[in-house]
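Before I ask anything, here is the structure I am working with.
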Amino acid sequence: MRAIRVNRKLNSVDVIDVLTDLFILRGVPAFIRSDNGPEFIAEAVQKWIKAVGAKTAYIVPGSPWANGYCESFNARFRDELLNGEIFYTLKEAQIIIEQWRCHYNTKRPHSALSYRSPAPEAIVPMDQRPVMH
């Protein structure tokens, strides 16, 4: 997960703001897959997505399997963080969730990577480095 926006309420402007940042960093994708939440189907978001040259790929309501990656992430996010925390302030939630997101993306072992972390440490012991020819 590249971005998690934490706030008491999110609207279409928030969606556009986060997507703009992501598109600047990673480029504009061919499709944006999302559910049919009001913040994603808002007219402003639709116009913006079209203006940047992407297309939408909405998930049919009641079909969470249509976006397995997102559903898998949401389950881990809930199990590994949200179910064990009580946030007393919005700022506290923003900080703790961002720390978890960074850990998830860089250090947490993932089964799809043979239980290695997504971003291994930069320093690898000499005896474990691949032989270069």
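Out of all the residues in region 63-86, which are charged (D, E, K, R) and closer than 16 Å to Ile97 by Cβ?
Of everything in region 63-86, those that are charged (D, E, K, R) and closer than 16 Å to Ile97 by Cβ turn out to be Arg76, Arg78, Asp79, Glu80, Glu85.
Go over the candidates Thr56, Thr106, Thr89 one by one and state the one that is touching a strand residue (DSSP E or B) at 6+ places or on another chain (Cβ under 7 Å) and among the polar types (S, T, N, Q).
On the way: Thr106 fails: touching a strand residue (DSSP E or B) at 6+ places or on another chain (Cβ under 7 Å); Thr89 fails: touching a strand residue (DSSP E or B) at 6+ places or on another chain (Cβ under 7 Å).
When all the criteria are applied, what remains is Thr56.
Just checking, how many residues over region 1-36 are surrounded by 12 or more Cβ atoms within 10 Å (Cβ to Cβ) and over 16 Å from the mean Cα position of the chain (by Cα)?
3
Let me ask you something else. Just the residues that are at pLDDT below 60 and surrounded by 12 or more Cβ atoms within 10 Å (Cβ to Cβ), please, taken from region 113-133.
none
Those residues that are among the aliphatic types (A, V, I, L, M), touching a Phe, Trp or Tyr at 6+ places or on another chain (Cβ under 7 Å) and part of a loop (DSSP other than H, G, I, E, B), I need them from region 1-38; list them, please. Quick ask: steps written out before the conclusion?
Step one: filter region 1-38 for residues among the aliphatic types (A, V, I, L, M), giving 1, 3-4, 6, 10, 13, 15-16, 18-19, 22, 24-25, 28, 30, 32.
Okay, now just the ones that are also touching a Phe, Trp or Tyr at 6+ places or on another chain (Cβ under 7 Å), so 1, 15-16.
The one that is among the aliphatic types (A, V, I, L, M), touching a Phe, Trp or Tyr at 6+ places or on another chain (Cβ under 7 Å) and part of a loop (DSSP other than H, G, I, E, B): Met1.
Report, by residue number, each residue of region 81-112 that is farther than 18 Å from Ala3 by Cβ and at pLDDT 90 or above.
Asn83, Gly84, Glu85, Ile86, Phe87, Tyr88, Thr89, Glu92
Return the pairs, sorted by first residue and then second, in which the second residue is among the small types (Gly, Ala, Ser) and assigned to a helix (DSSP H, G or I), the first residue lies in region 1-14 and is without any contact (Cβ under 8 Å) to a residue 40 or more places away in the chain, the beta carbons are less than 7 Å apart, and the residues are 6+ apart or on different chains.
Taking only residues 6 or more apart or on different chains, the pairs are Ser12/Ala44.
For region 75-90, state whether one or more residues are hydroxyl-bearing (Ser, Thr, Tyr) and under 16 Å from the mean Cα position of the chain (by Cα).
Here is the first cut: in region 75-90, the residues hydroxyl-bearing (Ser, Thr, Tyr) are 88-89.
Now restrict to residues that are under 16 Å from the mean Cα position of the chain (by Cα): none.
No, region 75-90 contains no residue that is hydroxyl-bearing (Ser, Thr, Tyr) and under 16 Å from the mean Cα position of the chain (by Cα).
The values are calculated or read from the model by the stated rules, or taken from the named source; none is laboratory data. Keep in mind the model is a prediction, meaning the values are calculated, not measured. Virtual Cβ from ideal backbone geometry, glycine too; neighbours counted across all protein chains shown.
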